[in-house]
Amino acid sequence: MRVDAVTLFPEMIDRPLSESIVGRARTEGFLELGFVNPRDFTEDRHRTVDDKPYGGGTGMVMMAEPVYRALKKVRKKNSFVILLTPKGRRFDQAAALELAEKKHLVFICGHYEGIDERVTPLADMELSIGDYVLTGGEPAAVVVIDAVARLIPGVLKKDDATVNETFTGGLLEAPHYTRPGVWRGKAVPPALLSGNHKLIAEWRSGTARELTAKERPDLAGPVPAEKKPGGRSKGFKK
Ligand code: 6GU
C-alpha cells in the first residue's frame, strides 16, 4: 500500500512510524509512506501557508491554495483522500478494515485552527480519531496509518493475529499472560496452562464476553441480557 500525507510537519508522522512493526513494514516494502508539504507550494517570500480567519476569532487558518497544490502533486486516479478533522466520522476498527483495502491513501492534515473549508470537497472522507481536540491532524494520521498498516497482509507475522483480536469480533479480547506461571503471588488462569486447545478457546471466548459486557456494553457483538449501561471503565476507577 502507498500512503501520502499532506502536512506542514512531516516529521511528526515520519518519526513515530519509523519504529517497531510499522517501521519494518516500510523497510520491507509493505507500506510506502511519502510526504508533501504545502509550504513548498507557496510563492511569496515568507512561504505563507496560513492567514487570519474571516469574521474574526483567534488562531490562524490554513489557506486552501497551498494544500490544493500539494494534494494535486500526489493524488492519482486510484487515490482515496482523507481529511483529518475533529468533525469527521469517528475512526474505529471497521474504518481501518475499509481503508486497508485501498491502494493509495492520502491524508490531509490540518494544523492551527484548521483548513479553509473550501478544501473539504477535495476529500473522499472526513475522519476524526475521537472527541477531543489535537493541535493538528498529524497525531491522528499516525494513529490511523498504524491501525491500517498492521492489517496489510504480511505485516504481522501470524495471519490470525488480526482475526481474534479486540474489536474485530465486536468484543474486547481476553487478557494475555506469559511466564512466570506465578508472579508475585498472582497465578495465570489454570485453563491457559491446561494444554487443552478447546478448553483454552472456551476460556478466551467466555472471558472476552464477560469483559466486554462489564467494561464496554456499548460494543456490538453478543452481549448478555444482564448488561448494565453507565458502568465506568477500569481506567477511571478511583
Ligand atoms: Cl483528525 N484532528 C484534530 N485536530 N483533532 C482531532 C482529530 C483530528 N481527531 C480528534 N481530534
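The values are calculated or read from the model by the stated rules, or taken from the named source; none is laboratory data. This structure is a prediction, so every number in the text was calculated from the model and none was measured. Here the Cβ is made from the backbone with ideal geometry for all residues, glycine too, and neighbour counts use every protein chain on show. Ligands, DNA and RNA are stripped out before the accessible areas are found, and what is left, the full protein with its side chains, is counted by its heavy atoms. Shrake-Rupley method; radii C 1.70, N 1.55, O 1.52, S 1.80 Å.
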Checklist entry - If you go through region 130-148 one residue at a time, do you hit one that is within 30 Å of residue 52 (Cα to Cα) and in contact with a His (Cβ under 6 Å, 6 or more places away or on another chain)? => result yes
Next on the checklist: Tell me whether region 122-138 contains one or more residues that are in a helix (DSSP H, G or I) and at negative phi.
Outcome noted: yes
Item to check | When residues of region 93-125 are limited to those that are closer than 20 Å to residue 65 by Cα and open to solvent by 60 Å² or more (accessible area, probe 1.4 Å), the one farthest from the chain's Cα centre (by Cα) | outcome: 118
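Taking the condition of being among the acidic types (Asp, Glu) and touching a residue at least 12 places away in the same chain (Cβ under 8 Å), how many residues in region 29-51 meet it?
Initial filter on region 29-51 (among the acidic types (Asp, Glu)): 32, 40, 43-44, 50-51.
After this cut, where a residue has to be touching a residue at least 12 places away in the same chain (Cβ under 8 Å) as well, the list is 32, 40, 50-51.
Number satisfying all stated conditions: 4.
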Next on the checklist: So if I check each of 118, 90, 150, which one is over 24 Å from residue 21 (Cα atoms) and away from the ligand (no atom under 14 Å from the Cβ)?
Outcome noted: 118
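Conditions (1) assigned to a helix (DSSP H, G or I); (2) among the acidic types (Asp, Glu); (3) at pLDDT below 95; (4) closer than 30 Å to residue 10 by Cβ, marked per residue:
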| site | (1), (2), (3), (4) |
| --- | --- |
| 147 | yes, no, no, yes |
| 153 | no, no, no, yes |
| 157 | no, no, yes, yes |
| 170 | no, no, yes, no |
| 195 | no, no, no, no |
Checklist outcome for this item: Inside region 200-228, the number of residues satisfying the requirement of being at pLDDT 95 or above, in contact with a helix residue (DSSP H, G or I) (Cβ under 8 Å, 6 or more places away or on another chain) and open to solvent by less than 70 Å² (accessible area, probe 1.4 Å) is 3
Checklist entry - Looking at region 1-78, what helices (runs of 4 or more DSSP H) fall wholly within it and have at least 1 residues that are in contact with a Leu (Cβ under 8 Å, 6 or more places away or on another chain) and farther than 30 Å from residue 150 by Cβ? => result 64-74
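The rows are residues; the columns are (1) among the hydroxyl-bearing types (Ser, Thr, Tyr); (2) within 16 Å of the ligand (Cβ to nearest atom); (3) at pLDDT 95 or above.
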{"residue": "111", "(1), (2), (3)": "no, yes, no"}
{"residue": "128", "(1), (2), (3)": "yes, yes, yes"}
{"residue": "136", "(1), (2), (3)": "no, yes, yes"}
{"residue": "190", "(1), (2), (3)": "no, no, yes"}
Checklist entry - Applying the selection to region 84-105, what residues are in contact with an Asp or Glu (Cβ under 8 Å, 6 or more places away or on another chain) and more than 23 Å from residue 134 (Cβ to Cβ)? => result 104
Item to check | Tabulated pairs, region 52-66, first of a type in the set (Val, Ile, Thr), second at pLDDT 95 or above, C-beta under 8 angstrom, 6+ apart or interchain | outcome: 61/50; 61/51; 61/52; 61/53; 61/115; 61/116
Next on the checklist: Any residue at all in region 63-84 that's within 16 Å of the ligand (Cβ to nearest atom), open to solvent by 70 Å² or more (accessible area, probe 1.4 Å) and out of contact with any His (no Cβ under 6 Å at 6 or more places or on another chain)?
Outcome noted: no
